[in-house]
Amino acid sequence: MKLLKTGFSDASFNMGIDEALMKTCQEPVLRLYGWKPSAVSIGYFQGLEEEVDLEACKRHGVDVVRRVTGGGAVYHADELTYSFVTREFDENILASYKDICAGILLGLKRIGVDGSFAPLNDLIVDGKKFSGNAQTRRGGVLLQHGTILLSVDVDRMFDLLKVPSEKMKGKLISDIKQRVIGIGKSFDQTAQAVVDGFEEHHGMNFEPLELSDEQMQMARTFAEKYRSDEWLRMR
Amino acid sequence: MNGSSVFKSQKLLKVSVQHDGELLRSVSIHGDFFLYPEDAIGELEKSLRGIALERPALEAVVAAFSSKAQVFGFNAPDLASAILIAAGKEQKPA
């Protein structure tokens, strides 16, 4: 089991690295990363114009990217993001989400965040969501990536995402503030907790991994796809 | 004729349709759901073209598709509802 820390990258390159890891997966890899600049990612099946205020993103210097995974739009700012790629996984989708999330929950418990899994793809603490997760399976490889919110800026999030009705915006913001929470830990502390949790859950230690030249080249090539209008405006 | 709807299933379905009042000419299905394999969404949209704007016919197509792909976040009755609402054949639930 390998551990890859790639620091902070832009949205297209972040998604490019995830896809490169998927294409070259031989053994399980946990990758930990962040977003610089902050970004909005949308799910594979979402309509770009329906979900994202592109002008607002431009104004705030926020990247926009379409993920290879389903799920909803996410504002990536003060968070730890992980991805996990593996060829060994439960065919049952719910079971595989639960299994991968178990490592995260174990680790976070060590730093005082006693969360739980909320099917299909969320983690919650005190009834509030602090993590959303999404996975895809291609060529016998599972990729699951997800966010662990350290803090939440709901007002900024709603500047960047479109809402069904401007009239309802105030109520929506107030609802989300009640339902979403950051765990209030630092990036490094959370990253270490996730590493510890995965090691405990899998009963083995990580070996550090660096991206090979081939993987870097693949990630750059995939990043071009994620940057393209064709991909971004696919739906 | 064109129409669209937003339907709250387990996940949110956003559907746009073109139709002639009786048959569905095309449908575009967006939302925050999960579908494996992802590429199969095109197959689902294609298989709905030319189908009668009637609940049993729409549900049968979606159910047949669901046996080939794994869908999380909506079911056949919900997608049929979203399409029928978009086409003006049903009212959005209160």
About its Cα centre, how strong a charge dipole does the protein assembly as shown have in debye, to the nearest 20, once Lys and Arg get +1 and Asp and Glu get -1 at the Cβ? 660 debye
Could you give the longest part of chain B that holds none of the trypsin sites (Lys or Arg not before Pro) found in DSSP loops with at most 13 neighbouring Cβ atoms within 10 Å? B:1-48
Can you list the chymotrypsin sites (Phe, Trp or Tyr not before Pro) in chain B that are in a DSSP coil and have 11 or fewer other beta carbons within 10 angstrom? none
Checking the a/c ratio against 1.5 first, then a/b against b/c, what shape does the Cα gyration tensor give for chain A? oblate
Other chains' Cβ within 10 Å of B:32-41 residues: what's the mean? 6
Using 7 Å Cα-to-Cβ label points, what is the B:SER47/A:LYS5 separation (nm, one decimal)? 4.7 nm
Tell me, what is the percent relative contact order of region A:2-232, built from C-alpha pairs under 8 Å that lie six or more residues apart? 28 percent
Formal net charge of residues neighbouring A:PRO164 (Cβ-Cβ distance under 14 Å; K, R +1; D, E -1): 0
Are there GluC sites (Glu not before Pro) in region B:1-83 that DSSP marks as loop and that have at most 15 other Cβ atoms within 10 Å, and which are they? B:GLU22, B:GLU54
What is the helix-to-structure angle for B:55-66, meaning the angle in degrees between its Cα long axis and the longest Cα principal axis of chain B, kept from 0 to 90 and rounded to the nearest 10? 20 degrees
Need one number: nm distance between label points at A:GLU200 and A:SER212, each 7 Å from Cα along Cα→Cβ, rounded to one decimal. 3.4 nm
Can you give the calculated 222 nm mean residue ellipticity of chain A, where each DSSP H run of n ≥ 4 adds -39,500 (n - 2.57) and the sum is split over every residue, rounded to the nearest 500 deg cm²/dmol? -12000 deg cm²/dmol
Within region B:32-46, find all residues whose amide N lies under 19 Å from a label point positioned 7 Å from the Cα of B:GLN18 along Cα-to-beta-carbon. B:42-46
For each pair in A:LYS129/B:LYS68; A:LYS5/B:LYS11; A:LYS2/B:LYS11; A:LYS225/B:LYS68; A:LYS177/B:LYS89; A:LYS58/A:LYS162, compute the distance between the two Cα atoms and list the pairs where it is over 25 Å. A:LYS129/B:LYS68; A:LYS5/B:LYS11; A:LYS2/B:LYS11; A:LYS225/B:LYS68; A:LYS177/B:LYS89
Considering only the protein assembly as shown, what is the antiparallel percent among its DSSP beta bridges, to the nearest 5? 75 percent
If you add up the charges near B:SER16, with Lys and Arg at +1 and Asp and Glu at -1, over every other residue whose beta carbon is less than 11 angstrom from its beta carbon, what do you get? 0
In region A:56-98, which GluC sites (Glu not before Pro) are in a loop and have at most 16 other Cβ atoms within 10 Å, using DSSP for the loop call? A:GLU88, A:GLU91
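Using helices alone, what [θ] at 222 nm do you get for chain B, with -39,500 (n - 2.57) per DSSP H run of 4 or more residues, divided over all residues and rounded to the nearest 500?
On the way: 3 runs with 30 residues, N = 94.
Calculated at 222 nm, the ellipticity per residue is -9500 deg cm²/dmol.
Read-outs throughout are calculated quantities, based only on the coordinates presented, and are distinct from any laboratory measurement. Since this is a predicted model, take the numbers as computed values, not measurements. Positions of Cβ are backbone-derived with ideal geometry, glycine not excepted, and every protein chain shown enters the neighbour counts.
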